[in-house]
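For reference, the structure is listed below as structure tokens.
The values are calculated or read from the model by the stated rules, or taken from the named source; none is laboratory data. Here the structure is a predicted model, which is why all the values come from computation and not from measurement. Neighbour counts are summed over all protein chains in view; Cβ atoms, including those assigned to glycine, are modelled from backbone coordinates with ideal geometry. These accessible areas exclude ligands, DNA and RNA; they are computed on the full protein's heavy atoms, side chains included. Shrake-Rupley method; radii C 1.70, N 1.55, O 1.52, S 1.80 Å.
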Amino acid sequence: MTLDKRNTTEPVHPVDEVLPLWELAIYGFQHVLTFYAAAVIVPILLASALGLSHEMLEHLIEADLFTCGIASFIQAVGIGKIGVRLPLLQGVTFVAVMPMIAIGVSAGGGVEGLRQIFGSVIVAGIFSYIVAPYFSRLIRFFPPVVTGSVILVIGLALLPVAANDIVAGHGTNAMQNPVELRNVAYGLGTLFFILAIQKFCRGFLGTIAVLIGLVCMTLVAWVLGDAHFADVGTAPLLTISKPFYFGMPTFHVVPILSLIIVMIISMLETTGDVFATGAIVKKPIGSADIAAAIRADGLATFIGGVFNSFPYTCFAENVGLVRLTQVKSRWVVASAAVIMMVLGCIPKLAAIMASVPLPVLGGAALAMFAAVAVVGIQTLAQVDFDNQNNMIIVGTSIGLGMLATAQPHIADNFPSWAQIIFGSGITLGSMAAMSLHLVFNHFMPANKHGVVIGDQPSKTIPAEGMEAALSHEETVRKG
């Protein structure tokens with residue numbers, strides 16, 4: 001009788017599998033190492049624009065890491081209806097950078113600018129949490145033609161970030177010239193290590209290919225004098241992120257509205273990342289999952305405002321890592337979250353992480369961002385491209401996404417509200433995919449055969465988690 005019960009027990013889904021502690025630690029460290037550079041760039045940009053001191057910047061970075069850990073833990077582990085319970089790491093959304101700089105500068109910069117930013121972040125987080133269940137109902141407008149386009153745009157739009165890291169670029173909006181061959185060698189060397197390990201190693205070693213590549217090339221750079229650990233000695237041993245460290249936040253209508261727009265756009269990105277992760281781990285995604293993910297974003301953003309940090313969203317960078325390694329357990333991300341919280345409290349450890357040369361990180365990022373694009377291609381493979389409308393949706397959304405990516409200054413002369421949309425290839429491409437799907441596949445008049453043009457569903461892909469999104473098509477037919 002006991003054997004029968006054991007045989008009929010359903011296997012644990014890979015997402016919910018709890019790995020041995022040592023594996024959780026190593027896999028989690030791999031996530032953090034590949035995530036670190038992107039995690040700290042927002043505080044650096046903001047501190048530079050607002051004229052903050054070095055001590056203030058250090059506190060912002062520590063607060064960011066600590067809150068990233070809290071946000072990722074909430075998203076991966078879940079609290080009731082908060083958190084999607086997938087291997088999704090959380091980080092500060094890049095969409096918020098320019099609006100926050102504008103808010104801080106208009107407030108006079110410095111600490112006063114930070115207070116106004118944090119007040120707007122707190123309200124935007126509350127807004128995102130409240131509207132999560134309403135936004136999740138839009139899932140019927142996210143069939144594979146939309147989600148595939150969004151995921152593909154995310155992957156392609158992130159590739160220039162990796163390229164900029166490889167050449168040690170001084171800014172994502174500027175072409176690096178001249179490019180040092182040594183930096184390119186570090187980036188391509190990291191990529192070579194990752195590919196070699198994936199080709200010749202199986203089992204555990206194959207799943208930590210990115211980590212091994214990063215460590216090996218950092219050691220090479222250290223031997224050649226291009227990796228420096230001097231900051232480790234001067235960094236403090238312990239620090240605690242305090243709520244309202246810079247004083248009580250201030251609240252003003254226009255800045256709040258600006259960050260609410262940012263959170264709406266962030267919801268689109270989060271939806272794309274959740275669908276991408278669902279496809280990778282082969283777990284169906286429904287409206288409840290989208291609502292849970294956005295609630296976690298909202299709660300994390302609120303916490304960020306309290307702990308001197310910024311708006312949070314799912315990070316596509318680590319979606320690519322899940323795709324590369326095929327390690328699907330959400331508890332790996334939970335372990336990464338704990339590591340980040342520790343890094344936020346122990347600056348010496350954070351300084352070690354920061355010593356990895358940028359070109360080395362770029363080489364790893366190139367592989368991961370490309371992996372995100374591949375997930376988009378896999379999703380689009382399920383789309384009926386005999387339907388001309390789907391061709392238009394995918395082609396135009398990718399084209400607009402690449403327009404803003406290839407020419408990042410294109411939004412400079414737009415009104416401030418429009419810069420939020422046109423200043424990001426991911427944002428522009430995602431909004432285009434959703435809007436064009438509505439126009440071409442929902443609101444088009446019937447053709448001469450009496451069939452609504454474009455109102456033909458893409459092939460369902462239950463294993464990829466899209467069946468919930470496609471159910472709307474049948475609903476439309478039934479009236």
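Here is how the numbers come out for the structure above:
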{"item": "By accessible area with a 1.4 Å probe, ligands and nucleic acids excluded, highest first: order of Y245, Y36", "result": "Y245, Y36"}
{"item": "Förster radius 35 Å - calculated FRET efficiency between D231 and V184 (Cβ-Cβ, nearest 0.05)", "result": "0.90"}
{"item": "Ranked order, M391, M434, M56 - accessible area, probe 1.4 Å, largest first", "result": "M391, M56, M434"}
{"item": "Mean Kyte hydropathy of 0.0 or more with a Cα span along the axis of at least 20 Å, helices from DSSP in the chain", "result": "21-50, 54-77, 110-136, 144-166, 181-200, 209-223, 253-281, 287-306, 330-345, 358-380, 388-406, 425-441"}
{"item": "Accessible surface, region 60-125, averaged per residue in Å² (probe 1.4 Å)", "result": "25"}
{"item": "Reduced Cα scattering model of region 104-250, Debye log10 I(q)/I(0), q = 0.13, 0.17, 0.19 Å⁻¹", "result": "-1.12, -1.13, -1.11"}
{"item": "Pairs of alpha carbons in region 47-101 whose separation is greater than 13 Å (percent)", "result": "67"}
{"item": "Lysine pairs within the chain, Cα separation less than 24 Å, 8 or more sequence positions apart or different chains", "result": "12"}
{"item": "q = 0.13, 0.19, 0.22 Å⁻¹: log10 I(q)/I(0) that the Debye formula gives for region 31-79, counting C-alpha atoms only", "result": "-0.35, -0.65, -0.79"}
{"item": "Mean residue ellipticity (222 nm) of the chain, computed from DSSP H runs ≥ 4 via -39,500 (n - 2.57), nearest 500", "result": "-22500 deg cm²/dmol"}
{"item": "Convex hull per residue volume in Å³, alpha carbons only, for region 326-428", "result": "182"}
{"item": "Extension gain (nm, one decimal) between S435 and K348, 0.36 nm per residue minus Cα-Cα", "result": "26.6 nm"}
{"item": "Whole-percent carbon and sulfur share, accessible surface of the chain, 1.4 Å", "result": "68"}
{"item": "Diffusion coefficient, µm² s⁻¹, Stokes-Einstein with Kirkwood Rh over alpha-carbon pairs of the chain at 10 °C and 1.306 mPa s", "result": "70"}
{"item": "Length-normalised contact order for the chain - Cα pairs under 8 Å, 6+ apart - percent", "result": "31"}
{"item": "Distance cut-off 21 Å, percentage of C-alpha pairs in region 46-190 lying past it", "result": "64"}
{"item": "Accessible area in the full protein assembly, largest first, 1.4 Å probe, for D412, D297", "result": "D412, D297"}
{"item": "Solvent exposure of region 267-417 as accessible area per residue, Å², 1.4 Å probe", "result": "30"}
